[in-house]
Amino acid sequence: MPGLIGDVDGIKKNLLHRMEKLYQRRVREGQAVSYELAEELCELSQEAKREITMMLDFQGRVELVIIGDAEDLDQVTDIYMPHATEGLAKRYCIHTHLGWKPPSLGDQVSVLQFHFPLLAVLMVGKSPKIPGGFSSQFGEHPRACDAVYLLTPSLNRLEDGEMQRACDVSEPMTARQASTELLAKWIDWSEPVFEANRRAQAKTGERAFLLGLYTGGQKAERELQESLDELGQLAESAGGIVIDRAIQMRPSPDPSTYFGSGKADELAFIMQQRDIDLVVVDDELSPAQQRNLERILRVKVVDRTELILDIFAQRAQSREGKIQVELAQLQYELPRLKGRGRTFSQQTAVGAKGGIATRGPGETKLETDRRLLRDRVSMLEKEAQQVVRHRQFQRQSRKHAQVPLIALIGYTNAGKSTLMKYLTQADVLVEDRLFATLDPTVRKLYMGSPVGTEEPVDSDILFFPNEVLLSDTVGFIRKLPTFLIQAFRATLEEAASADILWHVWDVSNPEREQHAASVHEVLNTLFEELDVTPPPIWTVCNKIDKLENPAAELAALAEDETLDQPIFPICATTGEGVPELLEAARQALGRQMSAQYAAQYAAE
Ligand SMILES: Nc1nc2c(ncn2[C@@H]2O[C@H](COP(=O)(O)OP(=O)(O)OP(=O)(O)O)[C@@H](O)[C@H]2O)c(=O)[nH]1
Ligand SMILES: [Mg+2]
């Protein structure tokens, strides 16, 4: 027996004693509310001027008594979650409302959130409209408990066949009437309500809801929608199922809750209604914003960064990749460690397997203190430095052996790995999802004889490279947080040291300009940090097979002065345009190597 929980300050001793005795009460098995218990609860509430919440098991035993405003029942979850496998299910709740307040949307959210088959709201006070009291209408003597509402879960079928959960609120009834209601009826009904969506779904995965903030302007709205589309792809890449999205209008983010708490209850209700497991916010949240939003929305909240990190954690295979991802995750988690207990009833349904944003450094991170994590960070940093050194060494031997490097870079899903595969038959992963590639791959590419074209060879070129190395790495995305760029430094440094960068660009994507801008932004940050002269960047316009009007669009691209020159239209799946790209690389590298050779020769 946990004792009384909540705000008991200033309550008189004899009242406290009576409250403690509530634990000895029992509601007859099968009955929802007993008249005597309802009366006692209302009397105590009225005298102590506190709301009382009571949790009972299905046999009618009192499990928990909470004193004070338990609006979001936070404490209840904290107490139950550690040892209740199915959360608060298999319990129901009786709750008093002071000041003749009818059930709120928050009460309805609780029914759905905690899987209560029933929540009884007892009105405390006197009805201002009915002289003599509410019960008197029914020929009863009005006493402390004068009106009871029963809240129960129910289901609606939407047009597309999806089941949507709802909460039915009964007409008010007297305590005597409520005592004739059978709990069993609600228990039998509630299970299907909570299970409906999951069983109806062929696919399994966490149900994600996207939230974006609209700050104004027409362009901003389009960008927001595009960014949300991409966020949806990210959520799906992480293994989630996107259920819906919502946009909040605000001139600027609220510093403590990001979205502002005005519509909180409404949103919290939608989350329960649609059986949402996690809310994904299209921006970077501060640790406090994230915590507050989780409290308000009552579901797990992750931001864009966390989602990206989660995908990275799933994909990283190589030692290097794993070190970089863990480092990034720890750096993200460190400021968020304090007070972030993720205890949502729904999470436990999938939690065993580890849901989105629960993978990675592991559950132990919550128990481990910051100091240990800092130690881990510095250890990983050392390892990462070793990777950097190892890479530097490799680079030197490559330079020494005069094997040039071409690095593929570009937005995620642009087709980098497809091109790599086409050119080298490398067994690399090609997938229509964001961040398919995470671990860097380097393959040899033989450049033996001119391929395809018959262009006149420059007299400056003394020889051509026999082979080059081609590297494929992690793709970029908009709003890529700088600490992630830093964590992936070893990989990106490799690209920065290349002799040519092929910026693979999906020209069939309507957001291609935004994509190119994001790629340039990441590259600029990188070059600035490394303080190196950027290698020449070529624009490789991929997926030309998907263009509706290739001739006109390619002509326009060729004229576009904002693009890095030269420009090569290609189709990485069929190889169209690839010979021209290769031949140009062969010549450029031949010219570069010949010049180096000549300079060296002159010096000697
Ligand atoms: N139609 C068409 N599809 C392509 C072409 N090139 C690549 N794709 C497809 O685009 C998707 C992404 O290709 P990937 O090669 O995995 O892209 P990536 O740039 O390596 O992406 P990340 O590894 O996620 O950064 C795959 O479904 C490819 O089959 C192309 O020229 N035409
Ligand atoms: Mg790839």
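Of note:
- The listed residues are ARG18, ARG28, ARG50, and the only one of them that is loosely packed, with under 14 Cβ neighbours inside 10 Å and touching a residue at least 12 places away in the same chain (Cβ under 8 Å) turns out to be ARG28.
- Scope the range 585-604; condition more than 16 Å from ALA498 (Cα to Cα) and either hydrophobic (A, V, I, L, M, F, W, C) or in contact with a strand residue (DSSP E or B) (Cβ under 6 Å, 6 or more places away or on another chain) (or both); matching residues: ALA595, ALA598, ALA599, ALA602, ALA603
- THR525 assigned by TED's automatic domain parsing to the domain that holds ILE409, modelled with pLDDT of 95 or more and among the hydroxyl-bearing types (Ser, Thr, Tyr): no
- Picking from residues in the range 69-105 that are at pLDDT 85 or above and outside any strand (DSSP E or B), the one that is surrounded by the fewest Cβ atoms within 10 Å (Cβ to Cβ) is GLY99.
- Check on THR533, under 30 Å from PHE463 (Cβ atoms), exposed (fewer than 14 other Cβ atoms within 10 Å of the Cβ), polar (S, T, N, Q) and at pLDDT below 95: yes
- Scanning the range 1-45 for residues that are part of a loop (DSSP other than H, G, I, E, B) and not small (Gly, Ala, Ser) returns MET1, PRO2, ASP7, VAL8, ASP9, ILE11, LYS12, ARG25, VAL27, ARG28, GLU29, VAL33.
- The range 414-426, residues that are within 13 Å of ligand 2 (Cβ to nearest atom) and either of a type in the set (Asp, Glu) or touching a strand residue (DSSP E or B) at 6+ places or on another chain (Cβ under 7 Å) (or both): ALA414, GLY415, LYS416, SER417, LEU419, MET420, ALA426
- From the list LEU380, LEU423, the one residue that fits, being part of a helix (DSSP H, G or I), within 16 Å of ligand 1 (Cβ to nearest atom), touching a residue at least 12 places away in the same chain (Cβ under 8 Å) and more than 23 Å from SER237 (Cβ to Cβ), is LEU423.
- All strands (runs of 3 or more DSSP E) inside the range 147-264 with 1 or more residues being closer than 30 Å to CYS42 by Cβ and free of Cβ contacts under 8 Å to residues at least 60 places away in the same chain: 147-157, 163-169
- Of all residue pairs spaced 6 or more apart or on separate chains, those with beta-carbon atoms under 8 Å, a first member in the range 394-417 that is away from ligand 1 (no atom under 16 Å from the Cβ) and a second member that is among the hydroxyl-bearing types (Ser, Thr, Tyr) are ARG395/SER497; LEU405/SER471; LEU405/SER497.
- Of the residues THR441, THR482, THR437, the single one that is within 16 Å of ligand 1 (Cβ to nearest atom) and out of contact with any Leu (no Cβ under 7 Å at 6 or more places or on another chain) is THR441.
- Of the residues LEU470, LEU492, the single one that is at pLDDT 90 or above and either away from ligand 1 (no atom under 12 Å from the Cβ) or out of contact with any Leu (no Cβ under 6 Å at 6 or more places or on another chain) (or both) is LEU470.
- SER136 in contact with a helix residue (DSSP H, G or I) (Cβ under 9 Å, 6 or more places away or on another chain) and modelled with pLDDT of 85 or more: no
- Filter result (outside any strand (DSSP E or B) and within 30 Å of LEU557 (Cα to Cα)) within the range 466-481: THR473, VAL474, GLY475, ILE477, ARG478, LYS479, LEU480, PRO481
- Some residue of the range 276-293 being farther than 30 Å from LEU151 by Cα, buried (at least 22 other Cβ atoms within 10 Å of the Cβ), free of Cβ contacts under 8 Å to residues at least 24 places away in the same chain and not hydroxyl-bearing (Ser, Thr, Tyr): no
The values are calculated or read from the model by the stated rules, or taken from the named source; none is laboratory data. A quick note: this is a predicted structure, and the numbers were derived from the prediction, not measured. As a convention, Cβ positions derive from the backbone with ideal geometry for all residues, glycine included, and neighbour counts pool all protein chains shown.
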